[in-house]
Amino acid sequence: MTLQQLIGAGGVTLIVLALCSIISLAVILERYLYYTRRSRVKRKNFMLTIKDELKKGAVEDALKKCKKANTPFSDVAQAGISFYGRNEKEISNNMERAVVIETNLLEKHTTIVGTIGSTAVYIGLFGTVLGIIKAFNDISASGTGGINVVTAGISESLVCTAAGLCVAVPAVMAYNYFIKKIDNFITDMELCASEMMDLLTAKRKS
């Protein structure tokens, strides 16, 4: 079947799936680039650098390195260092707020991919059911039939199911990848917050 025949067979359902595919791919690309850009610095190396700066009492230099790193955990560290000299509760609360803000930024648009991944198959099945109903309706209206006519109509309507699978599989795979990346980012932020509390409270006591 040509592309024009496929679109004709799929009808409106295929157009909806095409739009879902475009949106899904756009979000996948945007999130992938965002996660890549914000994971260039390793947490262990970053914390060693911050620890050295705080030992020297160079708070401003530590803040500059946090801004330069531009990672979720460096923003959490920046939130802690910016409250340098305050009590433990205030420092902890500020870093917790930073973790929540960064988590929301990391999760941005991911639900779109998850929703498309979970519904694209059903949209395709809906199109297939409509196609089968139309095929039998045409047969009933014309008064002629036979197995060849039925199978031809069904094969055309199954285009929607195939399209739904083509949209759903990459979306589900990408969504699972995003969830794993977000979990890793959150782990790094929580570890960074814990280490920063130890560094800042130790510095204050000394």
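The table below lists the values:
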{"item": "Conditions (1) under 12 Å from the mean Cα position of the chain (by Cα); (2) exposed (fewer than 13 other Cβ atoms within 10 Å of the Cβ): number failed by residue 22", "result": "(1)"}
{"item": "Filter pass, residue 37 being exposed (fewer than 12 other Cβ atoms within 10 Å of the Cβ) and under 21 Å from the mean Cα position of the chain (by Cα)", "result": "yes"}
{"item": "Top-ranked residue in region 44-74 [being crowded, with 22+ Cβ neighbours inside 10 Å and touching a residue at least 24 places away in the same chain (Cβ under 8 Å); ranked as nearest to residue 103 (Cα to Cα)]", "result": "72"}
{"item": "Neighbours by Cβ (under 8 Å, 6+ apart or cross-chain): first from region 90-102, under 14 Å from residue 192 (Cβ atoms); second outside any helix (DSSP H, G or I) and of a type outside the set (Ser, Thr, Tyr)", "result": "91/83; 94/83"}
{"item": "Candidate set from region 169-202 (those that are acidic (Asp, Glu) and surrounded by fewer than 13 Cβ atoms within 10 Å (Cβ to Cβ)); member that is nearest to residue 90 (Cα to Cα)", "result": "198"}
{"item": "Those helices (runs of 4 or more DSSP H) lying entirely in region 1-110 with at least 1 residues in contact with a helix residue (DSSP H, G or I) (Cβ under 9 Å, 6 or more places away or on another chain) and closer than 30 Å to residue 162 by Cα", "result": "3-10, 12-37, 88-107"}
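Only the coordinates and a few stated rules stand behind these numbers; no lab work does. Just so it is clear, the model here is predicted, and its values are computed rather than measured. Every residue, glycine as well, gets a Cβ built from its backbone with ideal geometry; the counts of neighbours run over all protein chains shown.
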